[in-house]
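Reviewing the structure listed below.
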Amino acid sequence: MRSKTVPGKFLPRVNFPKAAAIFLIVLTTAASFAAAARPNNYIYPTLAADGVTSDDLALAAAARACNAAGTKLVLPAGQILLTGVATITLDHCAMVGAGDPAGDRTGPYGTTILLTSTDVKPFILETGWQVSGINFYWPNQTTGKTLYPPLFSDGGKGHGFDHGVIDNIVIVNAYDGMTTTPGGGSGDVKISNSTMWAYHHLFNLTNTGDSWALSNNRFTPGPLLNICSFSSECEAAINEANHVNALFHITAGGTVTLVVHSTETFSWRYGILIDSGAVLGASIFDVAWDGMGTLIDSSSGGFYAFQNNFTGSMSECGIVVFGGTSTGSTPCFNLGPGSGLFIYDFRTDGSRGSWVVGAGGNTVVIDNVHLANIGTANDGRNYFIVSFAAPTNSLTVRNSTFGGLPSNSHVHGINIGTNTMGNTIIQNCVFNFMNSSITGVTNNQVMLTGSTSFNTNPGGRSVDLRGTGNMVYVGNFWDVAPKALLPIVSN
């Protein structure tokens, strides 16, 4: 049996055996695909699957037959090369590979689709589709800079990404993963048991309608790093991607709703990047975040709605660099005007920079959060647990512990800024190794009860609250006496 070498630097030389004849049917046209379907009505296309011969036309014809029959398209094991001769559309069709996606392994098994075209969309997903048991790999993408079309695109306005299922697939080194058309509308998509990563953005979403549900997934370049044997060139390409890429890129055009559970991530500049004119609302995130620069960024003018629930855990926020120290003192949550944040039951190592930064008009609730420390960049700049840069904010913080650094006098707790409308509630919180715990100016009410500071840095402040507002102040303990308190209306 001849060995087939796949173009590209990172995929090792592998030998995929031809699928046994019992699993193949010789079909020549879309009509013959439908007519010659097995008794179970499945379509079994004849493909070269050798990694050298283009299978575009044969697979596109098989997909058309599958769409017409509303059945399953069963792909053989091997390497299916798509060069851009045709686009494959799935509409009421389930495209199923041989299973056993490679994950972090490589070897002569499973179904791998190789993609080489830089201008033709490989797949369009419309309604009632399924994709499972397949590896997707771009053999010529060696630097991360080649702009390939998205792996999966919708069918245009009002057509696509409706009632779809993705299960048990691997996206190894896409440029973009899935992209919806602005104004198109799509929803009821379920993605599970899959490993995915992209140099640019994995999900470009707008106007998704019914929620997308994602569970038991890994979003990581792990398979790529294993394929390229952690070469310096490969790590450099991933490091560059980590300065720009996003797991969820929410684009202008309508509201996106996501439900994400039992999922782990690694190696992204942004977890959720929201463009101006875009809205993420009514969503739930319960995720183990790791190797992230910023978890949520709506600073360009997008809107992260307050009714989103955010829980889970994460490592320290900061741009990941393989083989070196993390760079970039990026905030974990960078909220644009009007965005809100409801975060609870969350555990984190903290951030190299600030943790929550608000641009104004923000509503933030933090409940039962343990944050180990912030400001580990230790570069002489001031960093905050929470900092509002503009007025009109509402802040509630309860039952949480926040840490700074013994060696850094530039680490601060909560700075409410100049609060002209919203109220501030801080209850049962612990501030450790901070230069200041709670500061700001307000003409409204502050409720400060049951909170404590320890190890306040020499010369630091525990509480410094000024303005024309007033406060409820009960049961607090500060290791350094407050510098200024608002008029107390209850004690």
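The values are calculated or read from the model by the stated rules, or taken from the named source; none is laboratory data. This one's a predicted model, so the numbers in the text were calculated from it and none came from an experiment. Reconstructed Cβ throughout: ideal geometry from the backbone, glycine too, with neighbour counts over all protein chains shown. Surface areas here come from the heavy atoms of the whole protein model, side chains and all, with no ligands, DNA or RNA. Shrake-Rupley method; radii C 1.70, N 1.55, O 1.52, S 1.80 Å.
Overview of results
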| quantity | calculated |
| --- | --- |
| Inter-label distance, nm, simple model (7 Å from Cα along the C-beta direction), T420/L57 | 6.8 |
| Region 338-491, accessible surface, carbon-and-sulfur percent (1.4 angstrom probe) | 51 |
| Gain upon complete extension [S276, V244; 0.36 nm per residue less C-alpha separation] | 9.8 nm |
| Degrees between helix 56-69 axis and first principal axis of the chain (Cα, 0 to 90, nearest 10) | 80 |
| Local electrostatic count, W289, Cβ distance below 11 Å [Lys/Arg +1, Asp/Glu -1] | -4 |
| Under-27-angstrom lysine pairs by C-alpha in the chain, whenever the two are 8 or more apart or on separate chains | 14 |
| Accessible area expressed per residue, the chain, with surrounding protein chains retained (probe 1.4 Å, Å²) | 35 |
| Stretch gain in nm, segment A68-T83, where the contour uses 0.36 nm per residue and the Cα spacing is subtracted | 3.0 nm |
| Contour excess over end-to-end distance, with Cα ends at K157 and N368 and 0.36 nm allotted per residue | 71.7 nm |
| Calculated FRET value between F306 and S262, using beta carbons and R₀ = 25 Å, to 0.05 | 0.55 |
| Charge dipole magnitude, Cβ of K and R +1, D and E -1 - region 313-434, Cα centre, debye nearest 20 | 100 |
| Cys with no candidate disulfide partner in the chain (beta-carbon separation under 4.7 Å rule) | C429 |
| Order of exposure, largest accessible area first, which applies to Y42, Y270 with probe 1.4 Å | Y42, Y270 |
| T401-A252 pseudo-label distance in nm [points 7 Å out on the Cα-to-Cβ vector] | 4.6 |
| Label assignment, percent of Cα pairs over 42 Å apart derived from the structure, set (i) 14; (ii) 8; (iii) 27 | (iii) |
| Charge tally in the Cβ shell below 15 Å around N455, where Lys, Arg are +1 and Asp, Glu are -1, N455 excluded | 0 |
| Surface share of carbon and sulfur [accessible, 1.4 angstrom probe, percent] for region 104-232 | 48 |
| The chain: angle of helix 232-241 to the longest principal axis, Cα-based, in degrees nearest 10 | 60 |
